[in-house]
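Right, one structure below, let's go through it.
The values are calculated or read from the model by the stated rules, or taken from the named source; none is laboratory data. This structure is a prediction, so every number in the text was calculated from the model and none was measured. Cβ coordinates were reconstructed from backbone atoms using ideal geometry, including for glycine residues, and neighbour counts include every protein chain displayed. Accessible surface is based on the protein model in full, side chains and every heavy atom, while ligands, DNA and RNA are left aside. Shrake-Rupley method; radii C 1.70, N 1.55, O 1.52, S 1.80 Å.
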Amino acid sequence: MGQRRIIIQIPHGASNKPVSFVLWHACMRLRREVSGSYVLVIFDVHGRLAVPFLLPHPPSHTTPQNSTQSKVPALRPTPLPQQTPVSSPLIPLPLPQPISFLKPAAPMPSTAPAPVLPDLEPLNSAPPTSSSAILPPTASSPPQHIHAREMLRNAHDFVLNYPQFNHFSPVAFGIERLLRHSMPDAFHNSGARYPPPKCHLGTRKDYIALVTNWALGVSDRKEPILWMHGPFGIGKSAVAQSCAEALAPMKKLAATLFFSRSSTDRDDSRRVFTSIAYQVAAICPSFREIVDVCMIDDPALATKSLSTQFEDLLVHPLARLDIAESGLDGRTVIIDGLDECRGTAAQCEIIQIIATSARKRTTPFRWFITSRPEDAIIRTMNSAAVSSVRSRIELPVSRAIDHEILTYLTDGFKTIRESYGLPESWPSEEVLALLVKHGAGLWIYVATMIRFIGDENSLGPEDQLQIVLKFIKGISAKPGVDNPLAEMDFFYTLIMERIPLKLKTTVRKILLLHSLCNMVPRDIAFALHLSAKQLRHACASIQSVMELQGSDLAPRTLNFYHASFLDFMKNPQRSKELCIRGDFLIGWRRELLGWLHEVCSRSTDSSHIVFPSDTIPLEDRSGAYHYSCVLVCFWELCQVPAHQFDPQTAMSVAELPFNKMPGLMDDRFRWWINATLVRNNLPAHLRDKIIREGKCPISGCTNIKNIFILGHGENESVPEQRRGGFVVNHKVSPDGGCICHVW
């Protein structure tokens, strides 16, 4: 059979690849569809002619198995005759995807002039016949990822001499997928944490030196895991941040993770090792190439178990490297605030996986971990399997750092003084000494104090300082003054008591909703019948401990400087009459129940919502959306453990028109409720009148599983089901059928 020509254009970014890279793709096509002899002509994106290759005729696949197999010579360069340069260079096509193989079912439309090809002398003068062309993909063509191991599947009767196969896929396609399963907001240099908490200049020098010396291998501590633990607000994150910033320029930092339970982008245990692998890939090109292929080969890798992620994203890729040449040997991974990682079991598993690697030396890293002294973490760190490779540092609340706290306060007051043009004598040395004393070695205390005094939402720093001093003098004689936790509790009490009386209840409701379900500020505002301006005003009263992030209400988030404030507000022994749980929660739940009864009795459907006279409708959302937020808020309060309904209130819940309530909701609203938790808060004799479990009562339903049914009698309703509960939404079957099937 005569020879034909196949023309290949090398895509952008691949013009520096070996020619065998292109041949690899060509062979894929030829192996499946091409018969006869061909000359393969290769051009790069600039129209320069590359070396043509002769592709020999493949042997027949019908050769008997017992016959002698002919050995086909390897692809070899065919010398070209001297030719004049191409007068019209090949016009490069846009190539965002790897080379694909397209069947020429229809000619590709093109407005570009046809490229001028050199007249290569074929080995056979027979006219060329039509054949499939190897073309770059069009913009609409999906990428085809063809791996080297697929190239010769089912092929036989040929020999490759000195082959070289080059994998090629979209640049960093796998790494981009890995990033999507990581927590970039938790990196030490992320914009989401800026400015990050770090040690004030001249403070915590001993601890920073201890950690960095261990990381550099010049310490007496030889264990590969260093655990720093201490109570909340003591400055663990600041030490970790300062160490990260010290190690990074020395190229001794591998990765960092700063957990925060107040941020859903910084508390996911499932994204710990993906985040570490991504950061290691960012600093080591050879590791990056391996992990990139791993993520392309197995897109679900980042969703697998923690141990599988660790092995496949760290251990195995690292085993394929020359660690000494990679520059990874002895680098440090910093994990700060492990106790704020979601899930106690996951926290312990992370420690155990790292310890196992440290014992077996399957990774070249050192691991610096900080946490509060939580029981589960302490038990795991002290277990035989972990303690042998772990060294520990306690970061205590100690008056030994009073001089460092004085330095911090002095510099903080200097900044405030310069901003407000106050005299250098402010504040006096006596005041500084008193503040240092009551700081009691707790960094978060003095940091919050400085924020409170410098609060721009006040009558000025002088007035704010006087409030602090009066408060301090009022608590000095109380028991437990030597307890740093008591000091912090008193200071949080001061912040809450400074809120205007008209706002205090609203602020407590905001805190309660945020602590229960992390509801976005926009929905909190609707549940509380607040405008965006009113919500900002309410949050401004506690900005010493939190901030409302974002430029617009919809994407805003409530960011608390430390989780200890919400811990304080939820604990009735600590916050007493300011607590957002207990009687406060039960009272508000009863209030919302009355509101729902009134709205349901007045309204007909989602387009005709009638509010009580004291509820002012908000203009930028429908009445149905407003009602939906309140209903979800009520159900959230119903499922808080250990907040039982009294019989009278429970009877009122049983009388709600459950069959009418979904029709009043906004059709965009969906919220899952744990039915078991709600039932546990109800009196036993009324539970089945409010939520019961049984077969679907709707005629014609084919679901044989038990479901949750709301209400009883004529008010009965079958909501959309989810495992363990039901969905609060507007969903109604369009044909009047049942929607109870469990997802």
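Quantify, in whole percent, the carbon and sulfur part of the accessible surface of segment 232-326 (1.4 Å probe; protein heavy atoms only).
Working: 1750 of 3500 Å².
C and S atoms contribute 50 percent here.
When only the heavy atoms of the protein chains count and the probe is 1.4 Å, how do GLU289, GLU223 rank by accessible area, highest first?
GLU289, GLU223
Between LYS437 and ALA642, what is the spin-label point distance in nm, taking each point 7 Å from the Cα along the Cα→C-beta axis?
For LYS437 paired with ALA642, the spin-label model returns 3.7 nm.
Run a plain Debye calculation on segment 223-301 (Cα atoms as equal point scatterers, no solvent) and give log10 I(q)/I(0) at q = 0.16, 0.25 Å⁻¹, rounded to two decimals, same order as the q list.
Evaluating at q = 0.16, 0.25 Å⁻¹ gives log10 I(q)/I(0) of -0.80, -1.31.
Please report, as a whole percent, how much of the solvent-accessible surface of segment 591-743 comes from carbon and sulfur atoms (probe radius 1.4 Å).
Numbers: 3780 of 7360 Å².
Carbon and sulfur together cover 51 percent of it.
Tell me the per residue accessible area of segment 272-317 using a 1.4 Å probe; a whole number in Å² is fine. All intermediate terms of the calculation are to be shown ahead of the outcome.
Values: 1500 Å² over 46 residues.
Per-residue value: 33 Å².
Under a cut-off of 23 Å between alpha-carbon atoms, report the lysines in cross-link reach of LYS660, not counting same-chain residues fewer than 8 places apart.
Within reach: LYS689, LYS695, LYS731.
Greater than 26 Å separation of Cα atoms is the criterion. Which listed pairs, LYS473/LYS504; LYS470/LYS509; LYS504/LYS533; LYS236/LYS304; LYS236/LYS570, meet it?
Long pairs (Cα-Cα over 26 Å): LYS470/LYS509; LYS236/LYS304.
What are the principal axis extents of the Cα atoms in segment 274-373, in Å, biggest first?
38, 30, 23
Considering the dipole of segment 417-469 built from charges on the beta carbon (Lys and Arg +1, Asp and Glu -1) around the Cα centre, which of PRO461, ALA440, SER425 is farthest to its positive end?
ALA440
For a Förster distance of 45 Å, can you work out the FRET efficiency between the beta-carbons of ASN703 and THR344, rounded to the nearest 0.05?
Rounded to the nearest 0.05, the efficiency is 0.80.
Quick check: the distance between the Cα centres of segment 252-313 and segment 502-531, to the nearest angstrom?
A separation of 35 Å, based on Cα centres.
Considering all alpha-carbon pairs of segment 554-637, what whole percent are spaced by more than 20 angstrom?
51
Using 0.36 nm per residue, how much length does the chain from ASP583 to GLU655 gain when fully extended, once their Cα-Cα distance is taken away?
Extending this stretch completely gives an extra 23.6 nm.
So which aspartates and glutamates can LYS437 reach, going by Cα to Cα under 13 Å and dropping same-chain residues fewer than 8 places off?
In chain and number order, the partners are ASP402, GLU404, GLU429, ASP482, GLU487.
Figure the gain on full extension for GLN549 and SER383 (residue separation times 0.36 nm, minus the Cα-Cα span) and round it to one decimal in nm.
55.6 nm
How big is the Rg/Rh ratio for segment 174-285, C-alpha atoms only, Rh by Kirkwood, two decimals? Please list the in-between numbers first.
Working: Rg = 14.5 Å, Rh = 15.1 Å.
That ratio equals 0.96.
Pop a pseudo-label 7 angstrom from the Cα along the beta-carbon direction at both SER190 and THR410 and give the gap in nm to one decimal.
The modelled label-to-label distance comes out at 3.6 nm.
Under 5 Å between amide hydrogens, which residues at least 5 positions from THR370 or on another chain qualify, with H placed 1.01 Å from N in the peptide plane?
So THR370 has HN proximity to MET228, ILE335, ASP336, GLY337, LEU338.
For TYR207, tell me the accessible area in Å² from a 1.4 Å probe, rounded to the nearest 10.
Approximately 50 Å² for this residue.
What number, in nm² with one decimal, is the all-direction average of the projected area of the convex hull of the alpha-carbon atoms of segment 660-728?
For segment 660-728, averaging the hull's shadow over all directions gives 5.2 nm².
How big is the accessible area of PHE287 in square angstrom, nearest 10, if you roll a 1.4 angstrom probe over the protein chains?
In the full protein context, PHE287 sits at about 0 Å².
Based on the alpha-carbon set only, what is the convex hull volume of segment 381-527 divided per residue, in Å³?
Looking at segment 381-527, the number lands at 193 Å³ per residue.
Just flag the trypsin sites (Lys or Arg not before Pro) in segment 190-230 sitting in loop per DSSP whose Cβ has no more than 12 other Cβ atoms within 10 Å.
Loop-located and lightly packed - LYS222.
In segment 502-564, if the dipole is taken from +1 on Lys/Arg beta carbons and -1 on Asp/Glu beta carbons about the Cα centre, which of ALA527, CYS517, GLN549 is farthest to the positive end?
ALA527
In nm, give the distance between the simple-model label positions of THR615 and SER219, each being 7 Å from the Cα along the Cα-to-Cβ direction.
If labels sit at THR615 and SER219, their model points lie 5.8 nm apart.
With viscosity set to 0.890 mPa s and temperature to 25 °C, compute the Stokes-Einstein D of segment 324-367, Rh being the Kirkwood radius across alpha carbon pairs; µm²/s, no decimals.
211
Determine the order of ARG320, ARG270, ARG692 by accessible area, beginning with the largest, at a probe radius of 1.4 Å.
So, going from the largest accessible area down, we get ARG320, ARG270, ARG692.
What order do you get for 357-365, 447-455 when each peptide is scored by the mean count of other beta carbon atoms within 10 Å, highest first?
Descending packing order for the listed peptides: 447-455, 357-365.
Kindly report the accessible area of segment 578-657 per residue (heavy atoms of protein chains, probe 1.4 Å, no ligands, DNA or RNA), in Å².
Using a 1.4 Å probe on heavy atoms only, each residue of segment 578-657 averages 42 Å².
Order GLU429, GLU547, most accessible first, counting only protein heavy atoms with a 1.4 angstrom probe.
Result, largest first: GLU429, GLU547.
What FRET efficiency do you get for THR308 and LYS502 if R0 is 56 Å and r is their Cβ-Cβ distance, rounded to the nearest 0.05?
Calculated value: 0.55.
Determine, from the Cβ-Cβ distance of ARG361 and MET250 and an R0 of 22 Å, the FRET efficiency 1/(1 + (r/R0)^6), rounded to the nearest 0.05.
E between ARG361 and MET250, to the nearest 0.05, is 0.45.
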